[in-house]
């Protein structure tokens, strides 16, 4: 009986020694073996980080929001200055092109970026110019502003560009097209907030990241 007990003790000691040696060679070996045997221990391939949940690049700070002051002289039409004269149809066609032209800005914006489908206009946009505009009042102290002056203001503030020459055809074209857009605007028919700052629809909770269906039930 004693001989049998000795054999069991020796066998147990040998087993512990082998396990210790295996762990010394690879400390993670026991865990890896256990995971290999457990079919549910594999990482859920569906729980990877949602590639669509990246920060919305369009949700950057609203370029129209409060910031540095604007010199009112830059956006006030000089006395005696008249806009360039051309057939209205030609001005509207050129104005529509310029409305979509990102080359007018230094930050990749165009008039259409914020105002596509009449977005981001304040209710006052529906009133005849000149009229008060909150952004022009806050940034330049102007109590009211004309259409061409508002075009110049938008070039400076949201688009971070220089104003156009007051007698240029480009300014006349943008002014004419802005007036045309104004005719289709109805207060309350479109969002007045920055359309780019809306919550990123892609950033919703990843439906794939739900509880691992392979995990043991409670």
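The values are calculated or read from the model by the stated rules, or taken from the named source; none is laboratory data. No experiment lies behind these values; they were computed from the predicted model shown. Cβ atoms come from the backbone with ideal geometry, glycine included; neighbour counts cover every protein chain shown.
For residue 187, the conditions (1) at pLDDT 95 or above; (2) more than 17 Å from residue 78 (Cβ to Cβ); (3) touching a helix residue (DSSP H, G or I) at 6+ places or on another chain (Cβ under 6 Å) all hold with the exception of (1).
Number of residues in the range 122-137 that are under 12 Å from residue 149 (Cα atoms) and under 26 Å from the mean Cα position of the chain (by Cα) equals 2.
With respect to (1) at pLDDT 95 or above; (2) touching a helix residue (DSSP H, G or I) at 6+ places or on another chain (Cβ under 7 Å); (3) under 15 Å from residue 125 (Cβ atoms), the lone exception for residue 173 is condition (3).
Once the range 90-113 is narrowed to residues that are farther than 18 Å from residue 176 by Cα and assigned to a helix (DSSP H, G or I), the residue that is farthest from the chain's Cα centre (by Cα) is 103. For the range 77-89, a residue qualifies if it is exposed (fewer than 15 other Cβ atoms within 10 Å of the Cβ) and touching a residue at least 60 places away in the same chain (Cβ under 8 Å), and the qualifying residues are 78, 81, 82, 85, 86, 88.
Is it the case, given these coordinates, that residue 142 is within 10 Å of residue 75 (Cβ to Cβ), in contact (Cβ under 8 Å) with a residue 40 or more places away in the chain and either in a loop (DSSP other than H, G, I, E, B) or touching a strand residue (DSSP E or B) at 6+ places or on another chain (Cβ under 6 Å) (or both)? In short, yes.
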